[in-house]
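Here's the structure, in structure tokens; my notes come after.
The values are calculated or read from the model by the stated rules, or taken from the named source; none is laboratory data. A quick note: this is a predicted structure, and the numbers were derived from the prediction, not measured. Glycine gets a Cβ as well: all are built from the backbone with ideal geometry, and neighbour counts include every protein chain shown.
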Amino acid sequence: MSIGGKPNGIAPQLLDLTGANIQMDIVRSTHDYEAWLGARLTLIPADLELKHQRMAEGAFPFLRATFYRWAQTWPEICADLVATPAVLSVGDLHIENFGTWRDAEGRLVWGINDFDEAYSMPYAVDLVRLATSALLAIDADHLTLDPDDACKAILKGYQESLESGGRPFVLAENYRVLREWATTRLKDPGLFWDKLNNLPPLEGDIPPEIHDILSRALPEAGLNFRIVHRIAGLGSLGRQRYVALAQWRGGSVAREAKSLVPSAWAWNQTPPASDDLFYDTIVAASVRTIDPWVHLGGRWIVRRLSPDCQRIELDSLPDDPNELKLLAMMGRETANVHLGAGSVAKAAILDDLTKRDRKWLRKAAQAMLASVRDDWKQWKKRATTTTTTTMAATSVLH
């Protein structure tokens with residue numbers, strides 16, 4: 001199957017959930033996953049190479065870019081959590097997968113803003129991945145917390161939100177600390193639109209379906225617009241990403257369409273899982289006030305781009321003492337998503353939590369942190385070796 005063009009012609013390979021996955025190195029794992037991707041959509045070689053470079057820059061960007069590897073290693077390293085109650089989960093959850101958007105009333109809302117990897121998974125997957133990302137942020141001095149306190153805050157917020165039934169993070173009246181922090185970190189509108197409007201027009205053929213999808217997503221029919229290619233994200237870097245830019249009633253507007261594939265959790269299943277997408281399903285079921293401009297158009301996720309609809313980045317995390325509050329709210333928002341599974345799943349999760357050691361999340365996150373670091377070091381070594389070999393070959397040619 002192809003999306004927006006011919007597939008790359010590489011046969012898909014599906015992997016099972018056995019210890020052999022961990023023994024497989026990160027280079028082979030990446031090759032196999034990208035082969036699977038290439039059989040389902042058109043990959044952009046330059047963007048994929050940029051992703052590989054970013055993966056080598058640090059353990060945190062490596063984590064963000066490699067949920068496919070997490071899908072292989074987590075079931076083996078966290079074997080005691082595999083049987084925890086399953087819910088429709090985020091999958092690729094981390095502390096940079098939170099941001100702001102505007103709801104139908106124009107209110108500023110904060111929460112999880114990317115569900116590309118949504119799939120039915122043990123509820124503990126999201127919690128362990130979020131906690132692991134917090135430990136990486138602590139290691140990189142982006143957070144000043146004690147690791148035990150960070151994990152406790154996430155778990156406390158999660159459990160309290162489950163018990164209370166959840167609540168969306170509408171920042172108009174409530175959550176003063178979060179509102180002040182979020183609003184001071186919104187993108188400067190002038191810089192935001194300058195960056196987008198300065199992107200060159202897209203070269204080459206544009207799939208007809210993309211033109212139609214983006215045209216329908218604009219705020220008014222018949223608007224003239226141009227389509228550009230935007231480089232963004234890490235987990236999805238390498239996939240097609242089209243942006244329609246137009247002028248509307250005195251200012252700029254933008255709509256983006258990004259190609260989707262089934263979750264890497266599905267890629268890793270044997271026998272092969274279905275090719276279903278769960279982006280719309282998980283958003284609709286969660287306790288949240290939705291972004292009315294986000295929807296599926298076939299196998300493309302379509303969204304509005306604007307200065308106040310943004311992912312909040314690692315280097316903008318708040319200073320102590322608000323760090324623990326932020327992690328607790330991330331835990332609460334994770335529960336908002338898991339509550340979409342219904343009352344039976346909620347009761348099963350709460351029952352499971354009462355049976356666990358109070359440090360289970362820290363222990364699981366620490367084990368996954370060690371695995372991520374090992375894979376990152378191997379990937380970094382591979383990247384350094386590749387660069388050295390390329391430079392040597394270039395020297396010989398000249």
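Points worth noting:
- Looking across the range 59-74, the residues that are of a type outside the set (F, W, Y) and within 11 Å of L234 (Cβ to Cβ) come down to P61, L63, R64, A65, T66.
- Taken as a whole, the range 343-358 holds at least one residue that is in a helix (DSSP H, G or I), charged (D, E, K, R), crowded, with 16+ Cβ neighbours inside 10 Å and modelled with pLDDT of 95 or more.
- The range 102-149, residues that are hydroxyl-bearing (S, T, Y) and over 20 Å from the mean Cα position of the chain (by Cα): T144
- In the range 78-197, counting only helices (runs of 4 or more DSSP H) that sit wholly within it, the ones holding 3 or more residues that are surrounded by 21 or more Cβ atoms within 10 Å (Cβ to Cβ) and touching a residue at least 24 places away in the same chain (Cβ under 8 Å) span 124-139, 147-164.
- Residue in the range 310-326 that is in contact with a strand residue (DSSP E or B) (Cβ under 7 Å, 6 or more places away or on another chain) and surrounded by fewer than 17 Cβ atoms within 10 Å (Cβ to Cβ) present: yes
- Of the candidates V82, V125, V90, the single residue that is at pLDDT 95 or above and over 25 Å from G233 (Cα atoms) is V82.
- Any chance L296 is more than 17 Å from the chain's Cα centre (by Cα) and surrounded by fewer than 20 Cβ atoms within 10 Å (Cβ to Cβ): no
- Matching entry among L130, L136, L145 (being in contact with an Asp or Glu (Cβ under 6 Å, 6 or more places away or on another chain) and either among the charged types (D, E, K, R) or closer than 30 Å to K355 by Cα (or both)): L145
- Members of the range 214-231 found to be part of a helix (DSSP H, G or I) and loosely packed, with under 13 Cβ neighbours inside 10 Å, listed by number: R216
- Test result for L41, outside any helix (DSSP H, G or I) and either over 12 Å from L234 (Cα atoms) or among the small types (G, A, S) (or both): yes
- Scanning the range 232-271 for residues that are hydroxyl-bearing (S, T, Y), buried (at least 23 other Cβ atoms within 10 Å of the Cβ) and farther than 12 Å from F67 by Cα returns Y242, S259.
- Within the option set A56, A11, being at pLDDT 95 or above and either in a helix (DSSP H, G or I) or over 30 Å from D291 (Cβ atoms) (or both) holds for one residue only, A56.
- From the list L191, L234, L196, the one residue that fits, being touching a Pro at 6+ places or on another chain (Cβ under 8 Å), modelled with pLDDT of 85 or more and either under 24 Å from R54 (Cβ atoms) or among the β-branched types (V, I, T) (or both), is L234.
- Residue in the range 205-213 that is exposed (fewer than 13 other Cβ atoms within 10 Å of the Cβ) and part of a strand (DSSP E or B) present: no
- Qualifying residue in the range 330-340 (condition: within 17 Å of the chain's Cα centre (by Cα), crowded, with 20+ Cβ neighbours inside 10 Å, hydrophobic (A, V, I, L, M, F, W, C) and over 23 Å from A124 (Cα atoms)): no
Conditions tested, residue by residue: (1) out of contact with any strand residue (DSSP E or B) (no Cβ under 7 Å at 6 or more places or on another chain); (2) closer than 30 Å to T30 by Cα; (3) free of Cβ contacts under 8 Å to residues at least 24 places away in the same chain.
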site: L199; (1), (2), (3): no, yes, no
site: I210; (1), (2), (3): no, yes, no
site: A217; (1), (2), (3): no, no, no
site: E220; (1), (2), (3): no, no, no
site: L234; (1), (2), (3): yes, yes, no
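- Residue pairs meeting the criteria (Cβ under 7 Å; at least 6 apart or on separate chains; first over 14 Å from M121 (Cβ atoms) and free of Cβ contacts under 8 Å to residues at least 24 places away in the same chain, in the range 273-285; second among the polar types (S, T, N, Q) and in a helix (DSSP H, G or I)): none
- Given (1) without any contact (Cβ under 8 Å) to a residue 12 or more places away in the chain; (2) over 21 Å from P207 (Cβ atoms), index of the condition A264 fails: (1)
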